[in-house]
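K.L.:
Quick one: the structure is below, questions incoming.
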Amino acid sequence: MNAAPAIARVALVGNPNCGKTALFNLLTGSRQKVANYAGVTVERKEGRLRTPGGRPVAVLDLPGAYSLNAASLDEAVTRDLIRGFYPGEPAPDLLVCVVDATNLRLHLRFVLELRALGRPMVVALNMMDAARRRGIDIDVAALARELGVPVVETVAVRRDGARDLLAQLDAIGDAAQQPRQALPADDAGAPGVDPGAALHAETRRLLALAVAMPRRTAVIDDALDRWLLHPVFGLLALALVMFLVFQAVYAWATPLMDAIEAATAWLGATVGATLPAGPLRGLLVDGVIAGLGGVVVFLPQILILFAFILALEESGYLPRAAFLLDRGMAAAGLSGRSFIPLLSSFACAVPGIMSTRSIQDPRDRLATILVAPLMTCSARLPVYALLIGAFIPQRAVGWFNLQGLVLFALYVAAILSALAVAWVMKRWRRDRGEHPLLLELPSYRVPHLRDLAIGLWERALIFLKRVGGIILALTILLWVLLNVPAGVGIEDTLAGRIGRALAVLFEPLGFDWRISIALIPTMAAREVMVSSLATVYAVAAANDDAASEVLRGMIAQDWSAATGIALLVWFIYAPQCISTLATIRRETHSWRQTAFATGYLFALAYLAAFVAYRVALAMGLG
């Protein structure tokens with residue numbers, strides 16, 4: 001029996017919204033890892049599979065691209081990697097070009113561009129179930145004959161939806177030895193023929209020969225778009241969707257958060273009762289357990305927010321929201337393409353800033369990068385939840401939760417501030433031109449639970465790694481600062497001295513030295529604010545239980561409501577974490593733009609918190 005060949009490198013490539021990542025998840029499941037390509041911040045996904053014939057395969061999910069004539073960094077990475085020009089990345093042995101079977105008019109053009117490279121290739125007709133439901137008839141054999149490459153059907157949302165593709169991988173054998181196909185001479189290669197016109201003509205010929213389509217768009221898509229893209233009802237629907245998301249972040253996460261808080265309290269009490277009194281017990285109970293527990297408790301809220309973003313993206317609604325908001329965002333100096341990066345920044349500003357590479361106009365891209373940190377990232381949620389729980393009563397206002405309304409107001413304030421900053425930047429950009437939004441509106445789809453689960457698992461691991469790494473290190477460091485020198489009051493420790501020095505700067509905002517201490521490590525990760533306060537107050541009160549509920553009660557007694565409100569407002573604008581500033585530097589290649597972003601965010605935070613504190617005092621909340 002012959003041994004299985006060495007691992008082949010198979011690259012999945014295709015237009016955005018073709019279901020490529022869903023197919024990647026189906027093929028590789030949990031056997032995948034996410035990183036960045038060397039030298040850039042483009043996401044790199046690679047997974048492993050074994051074909052039915054026993055062939056091990058490494059699968060690479062390349063960034064989505066509309067053309068090899070790259071108009072964005074994502075497309076440039078895909079183009080260079082396919083051609084074998086990307087440093088440190090060998091060329092794939094086989095290209096699997098994933099196309100949306102319901103939208104071949106757009107996707108076949110890219111297939112023809114890839115075929116012209118002469119590399120081994122398979123075309124995967126994805127979403128064939130949706131194509132059949134719409135009455136689209138595709139002559140697969142004729143399409144394969146005309147293209148000169150294998151064509152298989154796939155349904156990425158079914159368990160066996162990649163069966164034909166896996167069989168084709170076995171049939172090809174050693175992909176590197178597959179005969180290479182070249183674009184016929186009467187296509188783009190003919191002298192005097194415009195390549196773009198030739199590709200369009202060949203696409204039309206293939207469609208006429210192999211595809212019978214009763215109508216260009218689905219009936220249900222047209223029906224939904226009449227409402228969801230309506231200039232009035234569409235905006236109301238978008239506002240309702242976002243409002244429900246923020247309400248769910250509070251309402252659905254509560255039982256899980258209560259369970260985590262109970263587990264943290266039990267663990268702290270158990271460790272405290274086991275170890276003798278001394279520095280080690282204080283470090284473990286007040287430093288490690290209280291610090292990490294105070295952050296992990298908010299993981300359910302963060303994952304609920306991620307789940308909604310992933311579901312809206314997979315459903316096909318996000319591009320429509322971008323189209324709907326384009327005119328309004330243009331008035332603020334942005335474009336509809338800025339919507340998805342800014343929405344991604346609600347989860348984390350780092351991927352939001354990275355996703356601005358899809359914005360072709362450099363001025364629009366820079367404006368989006370500079371306002372993305374104003375979006376309320378998930379790292380703010382632990383701080384918001386702590387402060388809202390401490391100072392906003394848990395009661396109903398009509399049909400809604402008052403705490404959820406306050407959270408929604410914080411998000412709205414961030415959005416309006418971002419638009420205002422973008423508008424000011426627009427006044428400075430004298431050479432600004434108008435760039436119409438050209439955007440593909442994919443068919444509506446029901447999000448698949450497997451893809452949502454994989455996406456949430458990846459994000460949970462990223463969050464927990466931050467908790468286990470940066471946050472743990474900073475929490476321990478802060479505990480040390482709070483206990484050196486030993487045997488003195490907290491105000492005389494190293495942390496107390498640093499906090500008192502900073503309190504001179506922050507006193508006009510109502511922030512005391514304890515808050516000033518906790519603000520220091522937030523430059524590494526915003527979530528650390530909660531664990532820092534837990535550590536500070538656990539030591540200051542000599543309390544072994546620094547769970548979130550206890551911490552809320554302690555700060556509610558120690559701070560005025562005006563201070564709590566000012567700190568909430570501070571976190572709307574405060575300069576982002578170091579990783580965000582580093583991402584701005586990498587994406588703009590400019591220390592000047594990075595310094596500008598840091599400076600204007602700090603100035604906005606200080607001014608807004610000062611005004612909020614003074615207004616709250618005037619209202620008798622001091």
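K.L.:
So T493 clears everything in (1) at pLDDT 75 or above; (2) surrounded by fewer than 13 Cβ atoms within 10 Å (Cβ to Cβ) except one condition, right? Which one?
P.N.:
Among (1) at pLDDT 75 or above; (2) surrounded by fewer than 13 Cβ atoms within 10 Å (Cβ to Cβ), T493 violates only (2).
K.L.:
What pairs come up if the first residue lies in the range 11-23 and is under 19 Å from Y444 (Cβ atoms), the second is open to solvent by 20 Å² or more (accessible area, probe 1.4 Å) and of a type in the set (D, E, K, R), and their beta carbons are under 8 Å apart, counting only those six or more places apart or on different chains?
P.N.:
So the pair list comes out as N15/E440; P16/E440; N17/E440; T21/K45; A22/E314.
K.L.:
Now a separate question. Return a yes/no flag: does the range 198-207 have any residue that is at pLDDT below 90, in contact with a Lys or Arg (Cβ under 7 Å, 6 or more places away or on another chain), within 30 Å of L310 (Cα to Cα) and of a type outside the set (D, E, K, R).
P.N.:
No, the range 198-207 contains no residue that is at pLDDT below 90, in contact with a Lys or Arg (Cβ under 7 Å, 6 or more places away or on another chain), within 30 Å of L310 (Cα to Cα) and of a type outside the set (D, E, K, R).
K.L.:
Looking at the range 394-402, is at least one residue at negative phi and open to solvent by less than 40 Å² (accessible area, probe 1.4 Å)?
P.N.:
Of the residues in the range 394-402, the ones at negative phi are 394-397, 399-402.
Now restrict to residues that are open to solvent by less than 40 Å² (accessible area, probe 1.4 Å): 402.
Yes, the range 394-402 contains a residue that is at negative phi and open to solvent by less than 40 Å² (accessible area, probe 1.4 Å).
K.L.:
Do we have any residue at all in the range 414-432 that's over 19 Å from L568 (Cα atoms), modelled with pLDDT under 80 and buried (at least 16 other Cβ atoms within 10 Å of the Cβ)?
P.N.:
So the first thing to find is which residues in the range 414-432 are over 19 Å from L568 (Cα atoms), and the list is 419-432.
Of the ones still in play, those that are also modelled with pLDDT under 80 are 426-432.
Applying the additional criterion that residues be buried (at least 16 other Cβ atoms within 10 Å of the Cβ) yields 426.
Within the range 414-432 (the criterion being over 19 Å from L568 (Cα atoms), modelled with pLDDT under 80 and buried (at least 16 other Cβ atoms within 10 Å of the Cβ)), the answer is yes, since at least one residue qualifies.
K.L.:
With A595, A603, A582, A609 as the choices, which residue is modelled with pLDDT of 90 or more, part of a helix (DSSP H, G or I) and farther than 24 Å from L410 by Cα?
P.N.:
Values: A603 fails: farther than 24 Å from L410 by Cα; A582 fails: modelled with pLDDT of 90 or more; A609 fails: farther than 24 Å from L410 by Cα.
So the residue among A595, A603, A582, A609 that is modelled with pLDDT of 90 or more, part of a helix (DSSP H, G or I) and farther than 24 Å from L410 by Cα is A595.
K.L.:
For the range 274-384, which helices (runs of 4 or more DSSP H) that fit wholly inside it have 3 or more residues that are open to solvent by 10 Å² or more (accessible area, probe 1.4 Å) and closer than 27 Å to Y444 by Cα? Show your work before the answer.
P.N.:
On the way: elements: 279-282, 290-296, 299-315, 317-331, 339-344, 349-354, 362-371.
The helices (runs of 4 or more DSSP H) meeting that bar are 299-315, 317-331, 339-344.
K.L.:
For residues that are at pLDDT 90 or above and open to solvent by 40 Å² or more (accessible area, probe 1.4 Å), tally how many sit in the range 23-48.
P.N.:
1
K.L.:
Go through the range 49-63 residue by residue and tally those that are surrounded by fewer than 21 Cβ atoms within 10 Å (Cβ to Cβ) and either of a type in the set (D, E, K, R) or in contact with a Cys (Cβ under 8 Å, 6 or more places away or on another chain) (or both).
P.N.:
Result for the range 49-63: 2.
K.L.:
Using the structure shown, decide if V406 is at pLDDT 80 or above and either among the charged types (D, E, K, R) or buried (at least 23 other Cβ atoms within 10 Å of the Cβ) (or both).
P.N.:
On the way: at pLDDT 80 or above: yes; either among the charged types (D, E, K, R) or buried (at least 23 other Cβ atoms within 10 Å of the Cβ) (or both): no.
Criteria not met by V406.
K.L.:
Being in contact with a helix residue (DSSP H, G or I) (Cβ under 7 Å, 6 or more places away or on another chain), farther than 17 Å from E46 by Cβ and crowded, with 21+ Cβ neighbours inside 10 Å is the filter here, so list the residues in the range 83-108 that pass it.
P.N.:
Passing the criteria: C97, V99, D100, A101, T102, L104, L108.
K.L.:
Let me ask something else. Here is a check on your reading of the model: is V488 assigned to a helix (DSSP H, G or I), at pLDDT 70 or above and more than 30 Å from V34 (Cβ to Cβ)?
P.N.:
On the way: assigned to a helix (DSSP H, G or I): no; at pLDDT 70 or above: yes; more than 30 Å from V34 (Cβ to Cβ): yes.
Answer is no for this residue.
K.L.:
Do we have L256 as out of contact with any His (no Cβ under 6 Å at 6 or more places or on another chain), open to solvent by 50 Å² or more (accessible area, probe 1.4 Å), under 21 Å from V550 (Cα atoms) and not polar (S, T, N, Q) here?
P.N.:
Working: out of contact with any His (no Cβ under 6 Å at 6 or more places or on another chain): yes; open to solvent by 50 Å² or more (accessible area, probe 1.4 Å): yes; under 21 Å from V550 (Cα atoms): yes; not polar (S, T, N, Q): yes.
Yes, satisfied.
K.L.:
Answer yes if at least one residue in the range 319-342 is hydrophobic (A, V, I, L, M, F, W, C), within 27 Å of V77 (Cβ to Cβ) and within 12 Å of the chain's Cα centre (by Cα), and no otherwise. Let's see the steps before the verdict.
P.N.:
Just the residues of the range 319-342 that are hydrophobic (A, V, I, L, M, F, W, C), to begin with: 321-325, 329-332, 334, 339-340, 342.
Applying the additional criterion that residues be within 27 Å of V77 (Cβ to Cβ) yields 321-323, 329, 334, 339-340, 342.
This time we only want the ones that are within 12 Å of the chain's Cα centre (by Cα), so: 340, 342.
Checked against the condition, which is being hydrophobic (A, V, I, L, M, F, W, C), within 27 Å of V77 (Cβ to Cβ) and within 12 Å of the chain's Cα centre (by Cα), the range 319-342 yields at least one hit.
K.L.:
Anything in the range 114-163 that is touching a Leu at 6+ places or on another chain (Cβ under 6 Å), open to solvent by 30 Å² or more (accessible area, probe 1.4 Å) and over 27 Å from T217 (Cβ atoms)? List them, or say none.
P.N.:
A116, R119
K.L.:
For the range 208-252, which positions are assigned to a helix (DSSP H, G or I), within 30 Å of L305 (Cβ to Cβ) and not aliphatic (A, V, I, L, M)?
P.N.:
In the first step, residues of the range 208-252 are kept if they are assigned to a helix (DSSP H, G or I); the result is 208-210, 219-228, 233-251.
Cutting the leftovers down to within 30 Å of L305 (Cβ to Cβ) gives us 220-221, 223-228, 233-251.
The answer is D221, D225, R226, W227, F233, G234, F243, F246, Q247, Y250.
K.L.:
Search the range 546-585 for residues being of a type in the set (F, W, Y) and under 30 Å from the mean Cα position of the chain (by Cα), and hand back the single one that is most open to solvent (accessible area, probe 1.4 Å). Before you say what the answer is, go through the steps one by one.
P.N.:
Step one: filter the range 546-585 for residues of a type in the set (F, W, Y), giving 559, 570-571, 573.
In the following step, the residues that additionally are under 30 Å from the mean Cα position of the chain (by Cα) were identified as 570-571, 573.
Numbers: W570: 15, F571: 2, Y573: 32 Å².
Taking the candidates together, the pick is Y573.
K.L.:
Taking the range 121-177, which residues are aliphatic (A, V, I, L, M), closer than 27 Å to A453 by Cβ and assigned to a loop (DSSP other than H, G, I, E, B)?
P.N.:
Residues of the range 121-177 that are aliphatic (A, V, I, L, M), as a first pass: 121-125, 127-128, 130-131, 136, 138, 140-144, 147, 149, 151-152, 155-157, 162, 165-167, 169, 171-172, 175-176.
Okay, now just the ones that are also closer than 27 Å to A453 by Cβ, so 124-125, 127-128, 130-131, 152, 155-157, 162, 165-167, 169.
Residues satisfying the conditions are M127, V155, A156, V157, A162.
The values are calculated or read from the model by the stated rules, or taken from the named source; none is laboratory data. The structure presented is a predicted model; accordingly, all values stated were derived computationally and were not measured. Neighbour counts are summed over all protein chains in view; Cβ atoms, including those assigned to glycine, are modelled from backbone coordinates with ideal geometry. Note: accessible area is taken over every heavy atom of the protein model, side chains too, but ligands, DNA and RNA are not part of it. Shrake-Rupley method; radii C 1.70, N 1.55, O 1.52, S 1.80 Å.
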